[in-house]
Amino acid sequence: MNSGSEAYERILKAIVTSELKPGDTVAEIQLAERFGFGRTPVREAIMRLENEGFIVSSERKKRVYILFAQDIENIFSIKQAIECMVSRKAAVFSEEDDKRELASVIEEMKKIDTGKGSLDDASIQNWLALDARFHSVLFKMARNHRAENIVDNLNLQFRRIKVGTMVLEGRIEKAIQEHSAIGYAILSGDGEEASRLMFEHMENVKCMIIKLMDAFYYVS
């Protein structure tokens, strides 16, 4: 990995984890000193992050982009279009090895103990990893990795607040139920039902994120 890519990955991580907070000013010199890179790779990283929407220019300054509720609406309208399509195709094109992998992910999800009140960090990280694996399997089943790349970028746009949805009561338990229903529809070959359930799941996640933004982090 070259220095420009390393600078990009480090600054992106800082944005996604809110080490660099929404609205923070970003400048080449300060970021170079903070993260130990030269100004040229930092400049390249900032340009790339600006093209991807993580950094914006405002009043002659560059700042970390602030997400608003309308941004989440727009992001999820794209995610719903793509992931509902992927769910339909996964039910049609899936092969036996993929089906076994999907069934395995569902079973692992169902093993997460959601009955102990607030989940510990290890359980939350386990859930997030299984969630990512579930969706990755669907893209593989649908044979559409370009769509996966697009969705990965969209997910990064709101990952800094996505983990916060886990603190909302019962969300992981509900998400496991939703993923299981989607998965079983795909395994049974019912693409239309899988698409419908995926749309509902995405709608629920979107509403939870907007609720969290309104309550804690952002002004919508």
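Observations
- Test for Ser136: is it open to solvent by 30 Å² or more (accessible area, probe 1.4 Å), under 25 Å from Glu9 (Cα atoms) and at pLDDT 95 or above: yes
- Within the stretch 19-61, the set of residues being open to solvent by less than 40 Å² (accessible area, probe 1.4 Å) and at positive phi comprises Gly23, Gly53.
- Whichever residue in the stretch 164-192 is open to solvent by 60 Å² or more (accessible area, probe 1.4 Å) and part of a helix (DSSP H, G or I) and, among such residues, is modelled with the lowest pLDDT: Val167
- On inspection, Ile11 does not qualify as in contact (Cβ under 8 Å) with a residue 60 or more places away in the chain and among the β-branched types (Val, Ile, Thr).
- Looking only at the stretch 1-29, residues that are polar (S, T, N, Q) and either closer than 14 Å to Leu156 by Cβ or at pLDDT 95 or above (or both) come to 2 in all.
- The criterion of being more than 19 Å from the chain's Cα centre (by Cα), in a helix (DSSP H, G or I), among the charged types (D, E, K, R) and closer than 30 Å to Ala194 by Cβ holds for Arg88.
- Selection status of Ala91, in contact with an Asp or Glu (Cβ under 9 Å, 6 or more places away or on another chain), buried (at least 19 other Cβ atoms within 10 Å of the Cβ) and small (Gly, Ala, Ser): yes
- Scanning the stretch 25-42 for residues being closer than 15 Å to Lys61 by Cβ and either in contact (Cβ under 8 Å) with a residue 40 or more places away in the chain or not hydroxyl-bearing (Ser, Thr, Tyr) (or both) gives a total of 6.
- Qualifying residues in the stretch 4-18 (those that are under 16 Å from the mean Cα position of the chain (by Cα) and polar (S, T, N, Q)) - the one least open to solvent (accessible area, probe 1.4 Å): Ser18
The values are calculated or read from the model by the stated rules, or taken from the named source; none is laboratory data. Just so it is clear, the structure is predicted and the values come from calculations on it, not from any experiment. Because the Cβ atoms are built from the backbone with ideal geometry, glycine has one as well, and the counts that use them run over all protein chains shown. To get the accessible areas, we keep the full protein, side chains included, count just its heavy atoms, and leave off ligands, DNA and RNA. Shrake-Rupley method; radii C 1.70, N 1.55, O 1.52, S 1.80 Å.
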